[in-house]
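The values are calculated or read from the model by the stated rules, or taken from the named source; none is laboratory data. Please read all numbers here as calculations on a predicted model, not as lab measurements. When we count neighbours, we look across all protein chains shown, and the Cβ atoms used for this are built from the backbone with ideal geometry, even at glycine. Keep in mind that these areas ignore ligands, DNA and RNA; they rest on the heavy atoms of the full protein, side chains included. Shrake-Rupley method; radii C 1.70, N 1.55, O 1.52, S 1.80 Å.
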Amino acid sequence: MAPDTVSLRYFLVLAQELNFTRAAARIGIAQPALSARMRRLEAELGTALLARNTRSVVLTTAGAALAESAPPALAALDRAWDTARSAAAGELGTLRIGYSLSTGAETVPALVDRLIRGNSGIEVGAVPMATPEISPAVADGRIDAGVTRGEQPGRGVRRILLRRQRVGVQLAQHHPLAEHPVIEIADAAAYPLRLPDRATNPVIHDQLSALFRDTRPHPRFHTPAVSFDMSQRDLRDGITLAPAGEAAVTVQPAGLTWRPLRGAPSLTIHLVLPREQSPLHHRVRAVAKALAQELHWLPD
């Protein structure tokens, strides 16, 4: 059985001082206690480490070998303890985050950056996913966490509110409504409204379309041919308006602008974690909450 590390560390001090009185004072224990420790250490190893007489202390061959080999071994053990503590504190590991494209404009990059900068032992991999797939992927362990827009359904997960966003519309800069700092819902409903396909995100599709439920005549909804249409030509040409959260401002394509809708309820962004959480999950949750508070993502 390996000797206890406390006695080994005491031995290294004594090997430097070669004097029990000075070594005991340096360690901060009584000299008889140090002597007892050394006798117990020698008994555990089954060999003498020190040659003692009334006037001097000399290292034996075994003692000299231990004095040389013990420091790197103790340093490695210290690193092992630190690694274990870091893992227990959620400061170590690989984190896989799935996110919806709509949250990749600003929210997810800020969260990933904070996780990397504040926790050097955490490796983060983020991958865009279809929104309905994120919660099931968190629940079955394919990913460690997710970021979604809206309260997406899902079993075996916990959702933590991360952000609230004002709802407005993206529109061409030359569109007549772009002259207004705030747009009335009824005025926006007079134009075709560009919504994501309901199959890609039924929660958000229903929430955005519900904004215009009471307008007359009923608005016309336009769904792009592909779920993430990079061209956005219908918007650029002023044919449609696109209901969107205010994060759209941060990645505004050329020729487009964003205006808030008066009286519209906010859109929400949620951090999705498994119901049974590891220290790494707790770390992600703590970092996300601190970031939300710092950036005022959840106004009072």
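Here are the numbers for the structure shown:
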quantity: Some residue of segment 257-264 being touching a Leu at 6+ places or on another chain (Cβ under 7 Å), under 28 Å from PRO136 (Cα atoms) and not polar (S, T, N, Q); calculated: no
quantity: Options ASP187, ASP197, ASP206: the member that is modelled with pLDDT under 95 and in contact with a Ser or Thr (Cβ under 8 Å, 6 or more places away or on another chain); calculated: ASP197
quantity: All strands (runs of 3 or more DSSP E) inside segment 119-182 with 3 or more residues being within 19 Å of ALA244 (Cβ to Cβ) and open to solvent by less than 40 Å² (accessible area, probe 1.4 Å); calculated: 145-149, 157-165, 167-172
quantity: Odd one out for ILE29, checked against (1) modelled with pLDDT of 90 or more; (2) under 20 Å from PRO71 (Cα atoms); calculated: (2)
quantity: Scan of segment 187-204 for residues that are acidic (Asp, Glu) and in contact with a Phe, Trp or Tyr (Cβ under 8 Å, 6 or more places away or on another chain), ordered by number; calculated: none
quantity: Test: residue in segment 221-238 that is touching a strand residue (DSSP E or B) at 6+ places or on another chain (Cβ under 9 Å), buried (at least 21 other Cβ atoms within 10 Å of the Cβ) and hydroxyl-bearing (Ser, Thr, Tyr); calculated: no
quantity: Where a residue in segment 262-273 is closer than 17 Å to PRO299 by Cβ and its partner, wherever it lies, is open to solvent by 10 Å² or more (accessible area, probe 1.4 Å) and of a type in the set (Val, Ile, Thr), with Cβ under 8 Å and at least six apart; calculated: GLY263/ILE185; ALA264/ILE185; HIS270/ILE160
quantity: Looking only at segment 88-112, and only at residues there that are assigned to a helix (DSSP H, G or I) and at pLDDT below 90, the one that is farthest from ARG155 (Cα to Cα); calculated: ALA88
quantity: Matching entry among ASP197, ASP187, ASP214 (being charged (D, E, K, R), outside any strand (DSSP E or B) and surrounded by fewer than 13 Cβ atoms within 10 Å (Cβ to Cβ)); calculated: ASP214
quantity: Checking HIS296 against (1) open to solvent by 70 Å² or more (accessible area, probe 1.4 Å); (2) in a helix (DSSP H, G or I), the condition it does not meet; calculated: (2)
quantity: One residue from PRO132, PRO196 being under 17 Å from VAL272 (Cβ atoms) and under 35 Å from the mean Cα position of the chain (by Cα); calculated: PRO132
quantity: Sole exception among (1) assigned to a helix (DSSP H, G or I); (2) open to solvent by 20 Å² or more (accessible area, probe 1.4 Å); (3) modelled with pLDDT of 90 or more for ALA288, by number; calculated: (2)
